[in-house]
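Input: a single structure, listed below in structure tokens.
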Amino acid sequence: MLFLSTQALAQNKVLNGKVNDAKGNPISGASVRVVGSNKGTITNDKGEFSLTIATNASLQVTSTNFENKVVAVQGKSTLTIVLAEESTNLSDVVIIGYGSQKKKDLTGAVRKINLEGSPLSTMTNVNALSALQGTPGVNVGAVTTAGASPSILVRGQRSLSASNAPLIILDGVIFSGNLNEINTQDIASFDVLMDASAAAIYGSRAANGVIIVTTKVGKAGKPVITFTNNYGVQSWTRKPDMRMGDDFIKWRTDNRRLAGQADLSVQKVLDPKELIAYNAGQQINWLDEITQFAPLNDVNMSVSGKSDNVNYYVSGSFLNQKGVIDNDQFKKYNIAAKLDAKINKWLSYGLNFYYSARDYSGLTPRMDQATIGTPYAYKWKDESKNILDKSPASANLVNPYWESQYDDNLEKYTSTRIIGYVAADIPYVKGLNFRVNISKNKTETVSGNFRHEAYFINPDNALDVAAPTKFLANTYGSMVNGLNNSWEVQNLLTYKKSFQNHNFDALAGYQRDYTAVSTLSTSASDFNSAGTTTLGYYGLHLGNPANQRVRSAFEERSNLGYLGRLNYNYNSKYYLTMNYRKDGYSAFAPGRKFAEFYGGALAYAISEEAFFKKALPVVNYLKFRLGYGQNGNQGIDPYETMANIASGSTVFGSTSTLFIYQGNLSNLGLSWEKTTTTNFGLNIAMFNNRITGDLNIYKSQTTDQLLTRSLPSLSGFGSVRTNIGQVDNQGVEASITGVIIEPKSANGIRWEATANLWLNRNKVVALTGVDADGNGVEDDDLGNRWFIGKPIGAIYDYRVDGIVQTGDADYIAKYGAKPGDLKILDINGAARGDGLPDGKINSFDRTIVGYVQPRYSWSFANTVSYKNWQFYFNFNAITGGGSDNYYNSANSTYNLSTFGNNQQQNWLNLEYWTPETPSNTFARPNYSNPYGYSYPHARTFVRLQDVSLQYALNAKQIEKLKIKGLKFYVSAKNPIVFSDWLGLDPENGGVLGQSNPVFKTINFGTTLTF
């Protein structure tokens, strides 16, 4: 016995080891386990570990974003283990509905976008959804004001009238708020469920796709404190060049000359107030005037860690953003706390807490007036007394600051979210788990507006300036307080079982959620008796009692769902997924509240076949996928199926009397829109995983559209909401990632690039089924620009062949046009579409001249690494044109009479038509656009969307400073855009004087870890 014990002790010894990456940097938090036992540890901040093990043992080493490695100890007492970065994203863990899978095991179309640790984390995305720009199949709109949220579409527009917004899931539960509530620095990744087979598990709210947001968690090892500071400066991506000085005088002179004015001296061309400024040499560029210095400061601090039984992450942040336009501002405070803990081997629990306070208060100057305003003007009448010059010139020109200077605005939001769970691995039944998720959310809003007496004065009238209180009777204001309370409960039972080569993953669940929204609105006017409006919207009780109003409102909605899913694969070669969901929604009428949705998918990893490996050894992985399923859209508000009560007032004698009446027609048969989708896809990896890619081709039909249908006036109602109509979608999404340059050494150059291409085509298949003209074809809806067999968003307008020139005598005589007018084509006669010109220009000559939706989109992202440097840049583009004229939008920038009196307003410093300069692009200055032409133009653009350069200290530098990490970076968002679009930014179709600018941001950042 003594001999055996001594021999056993001799076979065990202490092993001191270290785990590094390929560049020699230590990997902290790596898991080091003894193969065949439960013994193990994790590496410290320096990547070191120590274990007492048998001399013939083997170690399995794993760490996130690195390939697993098994190493034989072979009696060594010291050991350095080098882990290689994962060379393919097929091993990524993807979050799916109520669970997760490795990407290689997916059967549906799912996109994963990592923020944590990626170059995207250096971008200044105030709203995290902006990070999805450039993702295949996802179209994210541009942001034009501080703190704004971008629009987002997944696989195009399906619904004509109901919401097209995707469902958002935050840490496993439905998120119904604004994602601005969540700090971007707290988000680890996005997973986008694109097709019905992937999203069907969410049933009645998943027709527009599902975006799953996963927040950060602690990493193994000692507590980690991370401090991140970003400071950026924003500016216009494209700023119009308006006329100044002699260019403006010429513009005004040509305008008056073509209008028939004889005396074209400066004294007669300029208005009296303009002439005063002109003689004084005073000019003002109004667009420069309303542009403010626009810094963005984002400060974040977090503490996180992980042990065998506890994982925690706590963070706090403050963001202060000023928009490009004066007084556009946004402030946000965030606190997040996450805890996951194991009570014992089979029971665990977790709690997430999120708090957000957001402030959008303030009014911006009027963009239209800043655009068209005369340069010969003064901003202030008396700056020392805070008195603006209201009308720098006559007609419709108003000081852009007039409203924002004398009106008050309040807009604040406070949100609290709590997510908790308890999970139990059922004893004695291996693989069976029961989990309860509970979330509680509360959002409080307060908004107010007040117009003070100074707004009503005439600054040119000394009596008004001296006694503004005489306008107190004209003042008014309002305030709204809102409260949104919601909760959700999920009960989920999962069972995972593997035997031989069969792998099962089953899910059954029950879900319920509830939302209640209440508002209290107050308003008042006439503060004459109060004698002051100093309190603004906080003093509404001081208004005339006869003009004080209070209104309250309340609505509630609830959802109930039963769900089930089965994932099966045989030997990671043949895959099957089946989904089922039954949903109930309280807003639908009895008998129509419930609907059933389903989905299924098959996949075949042909690369796992022996014959394939032999025939095509360069292909490391190839899987084909086929999915089919149905999802729903419940996009109606509570009580919309019912006949609601409306109110009004009338006068009997001298008494105002309130009355009520039925405001709309009920429809108790209203139910879900339904979208049925078929998706074919493939995933591929080649040349030792150096090239990876995927392809998805899909087609969907959205039926039972939630349309508002017009009714005959004799019915007593103008319209009714009903289920009618169909829209079809089809599209292609392709993505390929390749390592263009592989490093030859640990600190060598590595260049990885990802190219994406996607397109979507929708088509209106049916509307109301009405054939009023009796031609045997269902009628189009001209008012909404919906045409049977055509894409949504058709541009219905005249065709224009340039500008009428002095030599176009026949056209002038035939159509009564003048030189310098738009040359509108006569293409129809007495009926739309008859193709028989009749010598008249009228509404029958309108036709489809283009479509709003893109022709196709692409992006090209690159990451170049060298030693401790990393350079990232990403191009994003949306392309229009083609035979059908895609990606067009109305552009009133070309319309010189957009704001009414084009003999007074300013315009772009571009050439326009005059007899001496016969432009064929821009009409004469005094053209009044009598046919209401919308000037549609292509918005095609290529944008350098993101670019960053970062440097991270190496291991020796970090050790010398006694910290865990330090990274410096400079980044830019939207620095360059190439486009022929005239106006502001092409991505949002920004037009002159009607849109706010898209931001260009240069950012400097630091991340310190200790």
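Below is a table of values for the structure above.
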read-out: Cβ-placed point charges (K, R +1; D, E -1), dipole of the range 885-996 about Cα centre in debye, nearest 20; value: 900
read-out: Whole-number D in µm²/s for the chain (Stokes-Einstein; Kirkwood sum over Cα pairs; 10 °C, 1.306 mPa s); value: 49
read-out: Binned Cα-Cα distances of the range 114-238, short to long, each 5 Å bin given as a whole percent; value: 2, 9, 18, 22, 20, 13, 8, 5, 2, 0, 0
read-out: Entries of 23/345; 763/818; 497/582; 582/973 with Cα pairs more than 32 Å apart; value: 23/345; 763/818; 582/973
read-out: Selected from 917, 234, 1002, residue furthest toward positive end of dipole (the chain; charges at beta carbon); value: 1002
read-out: Expected 222 nm ellipticity per residue - DSSP helices of 4 or more, -39500 (n - 2.57), all of the chain, to 500; value: -2000 deg cm²/dmol
read-out: Karplus-derived 3J(HN,Hα), 6.51/-1.76/1.60, for each residue of the range 962-977, Hz, glycine and proline x; value: 6, 10, 9, x, 8, 9, 10, 8, 10, 9, 9, 10, 6, x, 9, 9
read-out: Rounded to whole Hz, the Karplus (6.51, -1.76, 1.60) HN-Hα couplings of the range 779-786, x for glycine and proline; value: 6, 7, 10, 5, x, 8, 6, 9
read-out: Whole-Hz ³J(HN,Hα) from phi, Karplus 6.51 cos²θ - 1.76 cosθ + 1.60, for the range 496-508, glycine and proline x; value: 10, 8, 10, 8, 6, 10, 9, 10, 10, 9, 10, 9, 9
read-out: Cα pair distances exceeding 23 angstrom across the range 620-740, given as percent; value: 59
read-out: Per principal axis, descending, Cα span of the range 598-658 in whole Å; value: 96, 22, 9
read-out: Dipole-positive endmost among 367, 391, 431 within the range 356-432 (Cβ charges, Cα centre); value: 431
read-out: Å³ per residue enclosed by the Cα convex hull of the range 68-133; value: 167
read-out: 1.4 Å probe accessible area per residue over the chain, in Å²; value: 44
read-out: Cα-only radius of gyration and Dmax that characterise the range 304-352, units Å; value: 18.1, 58
read-out: Those aspartates and glutamates that a straight Cα-Cα span of less than 18 Å connects to residue 332, excepting residues fewer than 8 apart in one chain; value: 181, 186, 298, 359, 411, 444
read-out: Under 16 Å from the Cα of residue 593 - aspartates and glutamates, other chains or at least 8 residues apart; value: 513, 556, 583, 637, 640, 673, 704
read-out: Reachable lysines, given that their alpha-carbon falls under 24 Å from the alpha-carbon of residue 381 and they are not under 8 places away in the same chain; value: 268, 273, 390, 470
read-out: Normalised convex hull volume, the range 660-728, alpha-carbon set, Å³ per residue; value: 125
read-out: For the range 10-56, fraction of C-alpha pairs farther apart than 15 Å, in %; value: 46
read-out: Pairs beyond 19 Å (Cα-Cα), from 306/342; 39/102; 322/1000; 430/496; 46/964; value: 39/102
read-out: Listed residues 309, 324, 335: farthest to the positive end of the dipole of the range 267-365 (Cβ charges); value: 309
read-out: Accessible carbon and sulfur surface of the chain relative to its total accessible area, %, 1.4 Å; value: 55
read-out: Projected area, mean over directions - the range 532-579, Cα convex hull, nm²; value: 8.6
read-out: Descending principal axes extents, the range 14-152, alpha-carbon based, whole Å; value: 63, 33, 23
read-out: Sequence-distant residues sharing a close amide H with residue 162 (under 5 Å, placed H); value: 706
read-out: Segment residue 763-residue 726, length gained on full extension (0.36 nm per residue, minus Cα span); value: 12.5 nm
read-out: Efficiency of FRET from Cβ geometry, residue 944 and residue 1010, R₀ 35 Å, rounded to 0.05; value: 0.55
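The values are calculated or read from the model by the stated rules, or taken from the named source; none is laboratory data. Just so we're clear, the structure is a prediction, and the values are computed from it rather than from any experiment. Reconstructed Cβ throughout: ideal geometry from the backbone, glycine too, with neighbour counts over all protein chains shown. All accessible areas refer to the heavy atoms of the entire protein, side chains included, with ligands and DNA or RNA removed. Shrake-Rupley method; radii C 1.70, N 1.55, O 1.52, S 1.80 Å.
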